[in-house]
Amino acid sequence: MGAMLIKRGGARFRFRKAGRAPRTPGRYHGCAAVLSTKHGKEVVVAPPLKALLGLAVQVPAGLDTDTLGTFTGEVERVGTPLEVAARKARLGMDAAGLSLGLASEGSFGPDPRVPFAPLHHELMVFVDDRLQIQVVEQMTTHRTNYEHITAASFADLGDFLDRAGFPSHAVVVRPNAGLKTWPPHKGLRTVEALQAALRECASASRDGLARVETDMRAHMNPSRLAVIRRLAFRLGRRLLRRCPACETPGWGVVEVVKGLPCAECGHPTGLVGELVAACPLCTHRANRPRYDGRRAAPARDCPYCNP
Ligand SMILES: [Zn+2]
Ligand SMILES: [Zn+2]
């Protein structure tokens, strides 16, 4: 028993020494960053950044990020997701008076490459005003419940609620036609509340139908929250990587280059051939191989072998 305990302690010590944690405390150790959210994202963003960087994440009270756009369309989002996320981070930094800020922005829609598959794109930005840098990580996934349906009654919903992950994932209900200014019922998580909203919106709608949507706000959507958590880990690891030229944190992949050569004929295909890593501050860039190590594309993806 005693020997086992010693062995365990030794193993832990070796693990620490081999170190996934940085050998020297990173630049952001002991610092505080503000996360601009009114939807509880700190629950999944703060722990990874604390563990990886020693960075404390705080949320300013009373911040209203809805002024920059809402999923339910009352306020239209203006600009690219990165522009919106950067503006959101700035909002929190100004409110908290901090030079470090974070924000994430989600976009949902049909995948142009896969029919009927909804796509979730999430982007997270880290702003450091002292270094004058902006570091971005992003992720796309099909693992989302994003969907909507029109229904005259609760029975019309069929298995929509199962696909939506209701009630752990909330839904939004509004009239389907003719009432753009009608305030949507958001965050519905009980059958009773959903039924009442459905009745009200269906009878108010010109076509007698209610529109039922998945609620994509982070605190109402555990699937989205899981993606934001993974993104926070990615961002944390990226902030540990320094530029080989100027040592600024945030070195990482900024774009992909297509043209992975065909295994049969060597012709460039539409698949990603290389990744380009760059520094958020200086002009240093470097090409690197794909994460999966693939150096050739199958002939079926080749425009010559499989036109
Ligand atoms: Zn080929
Ligand atoms: Zn650099």
Relative to the first principal axis of the alpha-carbon coordinates of the chain, what is the inclination of helix 222-240, with its axis defined by its Cα atoms, in degrees from 0 to 90 and to the nearest 10? 20
The long-range amide H neighbours of Leu119, using H built 1.01 Å from N in the peptide plane and a cut-off of under 5 Å, are Gly109, Asp111
In sequence order, what are the phi-derived ³J(HN,Hα) couplings for segment 161-170 according to the Karplus relation 6.51 cos²θ - 1.76 cosθ + 1.60 with θ = phi - 60°, rounded to whole Hz, with x for glycine and proline? 5, 5, 4, 6, x, 5, x, 5, 9, 7
Mind checking which aspartates and glutamates have their Cα closer than 18 Å to the Cα of Lys50? Skip sequence neighbours fewer than 8 apart in that chain. Glu42, Asp128, Glu137
Euclidean distance of C-alpha centroids, segment 177-205 and segment 241-272, integer Å: 47
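What number, in nm² with one decimal, is the all-direction average of the projected area of the convex hull of the alpha-carbon atoms of the chain? Each step should come with its number before you reach the end.
On the way: hull surface 92.4 nm².
Convex hull of Cα atoms, orientation-averaged projection: 23.1 nm².
Could you give the size of the charge dipole of segment 242-307 about its Cα centre, using +1 on the Cβ of each K and R and -1 on the Cβ of each D and E, expressed in debye and rounded to the nearest 20?
Numbers: 8 positive and 6 negative charges, 13 e Å.
Around 60 debye, computed over segment 242-307.
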Taking Cα atoms, how many degrees apart are the long axis of helix 191-204 and the longest axis of the chain, rounded to 10 and kept between 0 and 90? 60
Unit-weight point scatterers at every alpha-carbon of segment 242-307, Debye formula, q = 0.18, 0.26, 0.27, 0.29 1/Å: log10 I(q)/I(0) is -0.65, -0.97, -1.01, -1.11
q = 0.14, 0.19, 0.26 Å⁻¹, segment 122-183: log10 I(q)/I(0) [Debye, one scatterer per Cα]: -0.66, -0.85, -1.13
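Take the alpha-carbon positions of segment 96-244, form their convex hull, and give its projected area averaged over all directions (one quarter of the hull surface) in nm².
Details: hull surface 47.6 nm².
Taking the Cα atoms of segment 96-244, their convex hull projects to 11.9 nm² on average.
If Lys and Arg each add +1 and Asp and Glu each add -1, what is the summed charge of the other residues whose beta carbon sits under 11 Å from the beta carbon of Pro289?
Every neighbour counted, the sum reads +2.
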Enumerate the calculated ³J(HN,Hα) couplings along segment 75-89 in order (Karplus 6.51 cos²θ - 1.76 cosθ + 1.60, θ = phi - 60°), each rounded to whole Hz, writing x wherever the residue is Gly or Pro. 10, 6, 7, 10, x, 6, x, 5, 5, 5, 4, 5, 5, 5, 4
Please list, in chain and number order, the residues 5+ apart from Leu209 or on another chain whose amide H is under 5 Å from its amide H, with Hs placed from the backbone. Asn176, Ala177
Find which of Ala196, Leu239, Ile228 sits farthest along the positive direction of the dipole of segment 138-267, computed with +1 on the beta-carbon of Lys and Arg, -1 on that of Asp and Glu, about the Cα centre. Leu239
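How do Phe160, Phe166, Phe116 line up, fewest other C-beta atoms within 10 Å first?
On the way: Phe160 16, Phe166 21, Phe116 6.
Going from least to most buried by this count: Phe116, Phe160, Phe166.
Viscosity 1.567 mPa s, temperature 4 °C: give me the Stokes-Einstein translational D for segment 148-215 in µm²/s, with Rh taken as the Kirkwood radius over C-alpha pairs. Walk me through the intermediate numbers first.
On the way: Rh = 11.4 Å.
The estimated diffusion coefficient comes to 113 µm²/s.
For the chain, what is the charge dipole size about the Cα centre, in debye to the nearest 20, if Lys and Arg each add +1 at the Cβ and Asp and Glu each add -1 at the Cβ?
Details: 43 positive and 28 negative charges, 387 e Å.
So the dipole magnitude of the chain works out to roughly 1860 debye.
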Taking amide hydrogens as modeled 1.01 Å from N in the peptide plane, which residues meet the under 5 Å criterion relative to Thr248, leaving out close sequence neighbours? Cys243
Read phi for every residue in segment 257-262 and hand back ³J(HN,Hα) as whole Hz from Karplus 6.51 cos²θ - 1.76 cosθ + 1.60, θ = phi - 60°, with x for Gly and Pro. 10, 6, x, 4, x, 5
May I ask for the Kirkwood hydrodynamic radius of segment 194-233, worked out over all distinct Cα pairs and given in angstroms to one decimal? 12.1
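Each value in this text was obtained by applying a stated rule to the coordinates, not by laboratory testing. Keep in mind that what you see is a predicted model, and the values were worked out from it rather than measured. Neighbour counts are summed over all protein chains in view; Cβ atoms, including those assigned to glycine, are modelled from backbone coordinates with ideal geometry.
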